[in-house]
Amino acid sequence: MAEAKLSVMTNFLHYGTGVFEGIRGNWNEERKQTYIFRLKEHYERLIKGCKVLKITLPHTVDQFCQLTVELVAKNGLKEDLYIRPLAYKCTEALGVRCHGLEDGFFMFVIPWGPYLNVEKVKCGVSSWRRPGNNVMPAQTKITGQYINSALAKTEAYENGFDEAILLTEEGYVSEGSGENIFLVIDGSLVTPPIYNSILPGITRDTVIKLAKDEMGIDVIERQIDRTELYMANEAFFTGTATHIAPIGEIDHRPVGNGEIGSITAKLQKIYTDVIRGISPKYISWCTPVYK
Ligand SMILES: Cc1ncc(COP(=O)(O)O)c(C=O)c1O
């Protein structure tokens with residue numbers, strides 16, 4: 001990192017013309033192994049975002065996966081880590097556009113523990129709305145649109161919360177500043193649909209599969225009213241950085257009885273085993289780093 005050089009005129013620095021991913025390597029102490037979780041899916045999503053921004057990537061998904069394993073292995077980290085690939089408009093040129101600019105790519109890896117480092121997350125509904133799909137490509141991790149997340153997060157923090165819950169422009173529940181959201185309502189899992197301006201989370205997809213296949217729970221993707229946040233039996237966030245984070249209160253109202261709910265706790269346990277390569281059934285989601 002000390003040797004990396006990025007010009008102050010790099011286009012993406014000024015206009016947010018980059019697409020990134022956040023990928024986790026999870027350390028398994030018993031096996032002295034790092035498992036990178038759903039690596040391929042992260043690069044597939046990166047490529048989709050690059051199409052939107054007209055960025056041509058220098059490698060295929062398989063090549064990116066190999067490079068990522070190599071990067072982590074070379075760093076030799078023996079703890080939970082986070083990998084940040086970023087594709088961007090690298091031309092040293094001012095002028096807001098996506099066309100006629102060259103593309104660059106970098107990635108780095110850092111040690112990183114849980115993102116929302118609290119047992120139960122305190123949330124506030126944000127005054128900032130999640131932009132609709134005709135304002136911003138909400139289904140991508142394009143760097144520029146994270147100003148929306150940053151504003152919501154800081155507002156929540158300054159109001160004494162750990163995290164924000166953003167609504168869509170129409171007022172339906174969308175997601176956290178860097179997480180998808182699930183509610184438990186009458187024994188079913190309910191989560192906002194893709195068309196409610198969410199990022200299609202890889203952890204969200206994982207949780208939907210695990211809830212159905214390992215717990216036999218119904219998962220309903222539907223529009224959620226703000227009031228339902230206050231009436232849900234349980235609530236939790238999902239995200240690569242966050243894993244599964246139980247929500248303890250929303251707008252100063254306890255979620256359920258304010259304790260971590262039984263469905264949330266069970267999903268957390270299953271998910272933790274899956275990402276550390278402990279569940280044989282899901283080992284294909286885990287890429288080992290060390291030989
Ligand atoms: C805005 C936003 N929503 C949701 C998520 C969760 O997505 P994933 O589970 O793929 O990390 C993230 C994190 O990547 C995010 O930045």
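A few notes on this one:
- Surface accessible to a 1.4 Å probe, per residue, for the residues of the chain, Å²: 47
- Accessible area (Å², 1.4 Å probe, nearest 10) - residue 8: 120
- Only Lys, Arg (+1) and Asp, Glu (-1) charged, at Cβ; the stretch 50-131 dipole about Cα centre in debye: 480
- Accessible surface ranking that places the most exposed of 252, 14 first, with a 1.4 angstrom probe: 252, 14
- Once the C-beta distance of residue 66 and residue 3 is scaled by a Förster radius of 25 Å, the resulting FRET efficiency is 0.65 to the nearest 0.05.
- Spread over its residues, the convex hull of the C-alpha atoms of the chain is 134 Å³ per residue.
- For residue 128, the solvent-accessible surface computed with a 1.4 Å probe is close to 110 Å², ligands and nucleic acids excluded.
- Whole-angstrom gap from the stretch 86-163 to the stretch 248-291, using each part's C-alpha centre: 24
- When the chain is treated as a Gaussian network with alpha carbon springs shorter than 10 Å, the biggest mean-square fluctuation among 74, 48, 40 belongs to 74.
- With DNA, RNA and ligands ignored, accessible area of residue 146 (1.4 Å probe; Å², nearest 10): 60
- Available extension along the chain between residue 99 and residue 78 is 3.4 nm, counting 0.36 nm per residue and deducting the alpha carbon span.
- Here the Gaussian network model covers the chain, with springs between Cα atoms less than 10 Å apart; of 269, 141, 281, 281 fluctuates the most.
- Sulfur and carbon atoms: percent of accessible area, the chain [1.4 Å]: 53
- Estimated 222 nm signal from helices in the chain, with DSSP H stretches of n ≥ 4 weighted -39500 (n - 2.57), rounded to 500: -8500 deg cm²/dmol
- Gaussian network model of the chain, springs between alpha carbon atoms under 10 Å - residue of 130, 97, 45 with greatest fluctuation: 97
- When the chain is described by a simple charge dipole with +1 on each Lys and Arg Cβ and -1 on each Asp and Glu Cβ, the residue from 235, 174, 290 located farthest towards its positive end is 290.
The values are calculated or read from the model by the stated rules, or taken from the named source; none is laboratory data. The structure displayed is predicted, hence computed values, not measured ones. Please note: Cβ atoms are built from the backbone with ideal geometry, for glycine as well, and neighbour counts cover all protein chains shown. When the accessible area is computed, the model is the full protein with side chains, heavy atoms only, and any ligands, DNA or RNA have been set aside. Shrake-Rupley method; radii C 1.70, N 1.55, O 1.52, S 1.80 Å.
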